[in-house]
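The structure appears right after this line, and notes come after that.
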Amino acid sequence: MNVLFLVVFIAASVLVVLGDPAAFLPALLAGASRAVALCLTLAGVYALWLGFLRVCKDGGLLSGLSRLLRPPVRRLLKTDDAAAEEQVAVNFAANLLGMGGAATPAGISAMRLFGEKKNEYARAMLFVVNCAGVQLLPTTLISVRAAAGSAQPFAPVLPALCCSLAALLFGAILVHLLYRKRRCA
C-alpha cells in the first residue's frame with residue numbers, strides 16, 4: 001500500500017511541477033499544515049471518546065450491554081463457550097457504541113478461544129460481524145466530518161447503519177450457507 005501512495009504522490013508532484021513549478025512548495029506545505037491540524041483535532045476527539053468509553057465501562061453500560069447481547073451472540077455464533085461468548089458480547093457492545101479500538105482486544109481474545117475449541121463457524125461469523133462494522137454511533141466518522149468543518153456531521157449515520165446492517169445480513173447468510181454445505185459434504 002505504501003508503494004501505491006508513493007507512486008500517487010510522485011505522479012501528482014510531477015504534474016504540479018510541470019503545470020506551475022512555483023505552486024509546488026506552497027501547496028506541499030499547506031497540505032502538510034492541514035494534515036497536522038487534522039491529526040491534532042482527531043487526537044483530541046479520540047481522547048474524548050476514549051474517556052467516554054471509560055465512563056461507560058466504569059458505569060456498567062458496557063457490561064450491561066454485553067449481558068444483553070449474550071443470548072443473540074450464542075444463537076448467531078452457535079457456541080456454548082461462556083468465556084468466548086462474554087468476549088464477543090463485549091466486542092459487539094463496544095463496536096455498537098462506535099469504539100472499535102476498545103472492541104479489538106475482546107475480539108482477538110474471542111478468536112483465540114474459538115481457535116482453541118476448533119470452532120471455525122464461530123470464528124468466520126465473528127470475522128464477518130466485525131468486518132460489517134455495525135455502529136449505532138460511528139464516532140470516528142462523526143469526528144472526522146466535524147473536524148473537517150461539515151455543516152451536518154451526523155448526516156451519514158443512518159445510511160452507514162443501513163449499509164452495515166445489509167453487509168452483516170449478506171455476510172452472515174454466506175457464512176451460514178458455506179458451513180452448512182461443508183457439514184453436508
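The values are calculated or read from the model by the stated rules, or taken from the named source; none is laboratory data. For clarity, every value in this text was computed on a predicted model and none was experimentally measured. A quick note on method: Cβ atoms are made from the backbone with ideal geometry, for glycine too, and the neighbour counts reach across all protein chains shown. Areas reflect the complete protein model, heavy atoms only, side chains present, ligands, DNA and RNA absent. Shrake-Rupley method; radii C 1.70, N 1.55, O 1.52, S 1.80 Å.
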Problem set entry | Sole exception among (1) exposed (fewer than 12 other Cβ atoms within 10 Å of the Cβ); (2) in contact with an Asp or Glu (Cβ under 8 Å, 6 or more places away or on another chain); (3) β-branched (Val, Ile, Thr) for residue 173, by number | (2)
Exercise. What number of residues in region 78-122 are more than 19 Å from residue 63 (Cβ to Cβ), open to solvent by less than 20 Å² (accessible area, probe 1.4 Å) and touching a residue at least 40 places away in the same chain (Cβ under 8 Å)?
Worked result: 2
Exercise. Among the listed residues 28, 48, which satisfies the condition of being in contact with a Ser or Thr (Cβ under 9 Å, 6 or more places away or on another chain) and either over 30 Å from residue 92 (Cβ atoms) or open to solvent by less than 50 Å² (accessible area, probe 1.4 Å) (or both)?
Worked result: 28
